[in-house]
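A.B. asks: I am attaching a structure below and will ask some questions about it afterwards.
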Amino acid sequence: MAAFINAHLNTLGLRVNREVANNQGLADCMFDLPHKDVTVVFEYKYTDSDNPEVWAKELEAALKQIKDRDYGNNASSRRTVARFGLVFSSNKSQRNIVLVGKESIFNRY
């Protein structure tokens with residue numbers, strides 16, 4: 001599912017970078033919006049649970065990981081960063097995105 005999303009973003013003309021490394025880990029997906037000073041970061045989480053409470057915990061973990069590991073921030077950049085968490089069901093009967101959330105967009109200025 002993540003590969004499908006990354007491929008779709010590429011077809012929109014966005015230069016998508018997968019597993020972008022910094023000194024604290026790997027961001028699952030990151031890209032810059034053309035003609036904007038915005039970097040978008042996606043963190044993907046997978047669960048085989050059908051429980052929405054579990055989905056919410058996974059979403060919270062994804063957003064926390066982006067923030068704690070400072071994904072999307074580059075010391076030489078003054079871009080705004082938009083953080084998104086996506087939770088996928090790995091349950092064979094479902095296999096889709098079950099929850100999406102975003103962290104407040106913040107400015108590096």
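We did not get these values from a lab; they are worked out from the coordinates using the rules stated. In this text the structure is predicted, and so the values were computed from the model without any measurement. Don't worry about glycine lacking a Cβ; one is built from the backbone with ideal geometry, like all the others, and counts go over all protein chains shown.
A.B. asks: Put a dot 7 Å past each Cα toward the Cβ at Leu9 and Asn91; how far apart are the dots in nm?
C.D. replies: Here the modelled spin labels are 2.7 nm apart.
A.B. asks: Here's a follow-up. Note the count of lysine pairs whose C-alpha atoms are less than 27 angstrom apart in segment 2-106, limited to pairs 8 or more residues apart or on different chains.
C.D. replies: 14
A.B. asks: Let me check I've understood the local charge: for Asp32, count other residues with C-beta under 12 angstrom from its C-beta, Lys and Arg +1, Asp and Glu -1. What total comes out?
C.D. replies: It works out to a net charge of +2.
A.B. asks: Next up: Take every DSSP beta bridge with both residues inside segment 4-96 and express the antiparallel ones as a percent of the total, to the nearest 5.
C.D. replies: 45 percent
A.B. asks: Determine the gain in length on full extension of the stretch Asp48-Leu26; use 0.36 nm per residue of separation and subtract their C-alpha separation, reporting nm with one decimal.
C.D. replies: Here the segment from Asp48 to Leu26 would lengthen by 5.7 nm.
A.B. asks: Evaluate the relative contact order of segment 2-106 (contact order divided by residue number), counting alpha-carbon pairs under 8 angstrom at least 6 apart; express in whole percent.
C.D. replies: 23 percent
A.B. asks: Between Ala56, Leu86, Phe31, whose Cα lies farthest towards the positive end of the dipole of segment 2-106 when Lys and Arg beta carbons carry +1 and Asp and Glu beta carbons carry -1, centred on the Cα centre?
C.D. replies: So the residue we want is Phe31.
A.B. asks: Can you tally the net charge around Ala62? Count Lys and Arg as +1, Asp and Glu as -1, for every other residue whose Cβ sits under 14 Å from the Cβ of Ala62.
C.D. replies: Net of charged neighbours comes to +1.
A.B. asks: Ratio of segment 2-106's C-alpha Rg to 2.2 N^0.38 Å, to two decimals?
C.D. replies: 1.08
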